[in-house]
Amino acid sequence: MRYRYNPYCSCPRCRAHGYMGPAVLITLGVLFLLSQVTYNYWLNFDRTWPALLIVIGLVLFLRHSASANGHVPREYLPAPPVAPGYRPPAPPAGPVVTPPPVQATGSLPATGYGQTGSHPDNPEVHNG
């Protein structure tokens, strides 16, 4: 079975799935803070941004190497809870009959074959 992330599962692999966003934000914050606080040229953001790629790689490595023991597959989630006293609507009683369409007043009757007056039994050729 192929692993699929399940937000309702508590296995280590599913928990590690949510670490990417916070790790990237914290890394960006630290790098910008170092750029503003220090006066060393090697701590400016234009020289330290590869640390962001390293953090992203570490989080991906941790996510894929975490154990999937106790994983709940995504296809077998429990049904959502139903409010007490809820009953599904009853199906309509008897057969459902659709009324025929109403013809608009003042319009020509449609023959159903494309042109007025054409009929499959009529051997004449109608052009235009």
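Quick notes on this structure:
- Inside the range 10-49, residues that are out of contact with any helix residue (DSSP H, G or I) (no Cβ under 8 Å at 6 or more places or on another chain) and surrounded by 15 or more Cβ atoms within 10 Å (Cβ to Cβ) make up a count of 3.
- Contacts under 8 angstrom Cβ, first residue in the range 72-84 being closer than 18 Å to Pro12 by Cα, partner at pLDDT below 65, 6 or more apart: Pro73/Met1
- Selection within the range 13-29 - modelled with pLDDT of 85 or more and under 19 Å from Leu60 (Cβ atoms): Tyr19, Met20, Gly21, Pro22, Ala23, Val24, Leu25, Ile26, Thr27, Leu28
- The range 63-109, residues that are modelled with pLDDT under 75 and not in a loop (DSSP other than H, G, I, E, B): Arg74, Glu75, Tyr76
The values are calculated or read from the model by the stated rules, or taken from the named source; none is laboratory data. None of the values given here were measured: they were computed from a predicted structure. Cβ atoms come from the backbone with ideal geometry, glycine included; neighbour counts cover every protein chain shown.
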